[in-house]
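The values are calculated or read from the model by the stated rules, or taken from the named source; none is laboratory data. Worth saying up front: this structure is predicted, and the values here are computed from it rather than measured. Surface areas here come from the heavy atoms of the whole protein model, side chains and all, with no ligands, DNA or RNA. Shrake-Rupley method; radii C 1.70, N 1.55, O 1.52, S 1.80 Å.
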Amino acid sequence: QARFVESGGGLVQAGGSLRLSCSAFGMNFRLNDIGWYRQAPGNERDLVASITRRGITTYGDSGKGRFTISRDNAEKTVYLQMNSLKPEDTAVYYCNFINPDPSAWGQGTQLTVSS
């Protein structure tokens, strides 16, 4: 069964940088399109960035110009490099397929950006 494990979150000051990692299990990773999502308290879970199996990337408005998604097929890992962080980036970050599998959600990783 497919599942994802996120890591790398923490407490960062505004303007700082952080890289999140997402390890994938139970799938043929290189054949799948993967997305990073985030959910802040009281908000829906939104797609932040995605990367196709061919490496084509797309970004939501919140991350354009600041976030970079990448993947390492050998390591079955997707990364999210986040720069120029803002307090409004504070959320729990998750990864899943671009068409999310409800059973594949992990625990997420908490990012808190202090002002």
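Here the chain exposes an accessible surface that is 45 percent carbon and sulfur, computed with a 1.4 Å probe and the other protein chains kept in place. Among I51, I56, the sequence by solvent-accessible area, most first, with a 1.4 Å probe is I56, I51. Residue-wise HN-Hα couplings along the range 36-42, as the Karplus relation 6.51 cos²θ - 1.76 cosθ + 1.60 with θ = phi - 60° gives them from phi, are 9, 10, 9, 9, 8, x, x Hz; Gly and Pro carry x.
Looking at the chain alone, DSSP beta bridges between its own residues are antiparallel in about 90 percent of cases. Only Cα pairs under 8 Å and 6+ residues apart enter the sum, and on that basis the relative contact order of the range 4-84 stands at 32 percent. Taken per residue, the accessible surface of the chain reaches 53 Å², heavy atoms only and a 1.4 Å probe.
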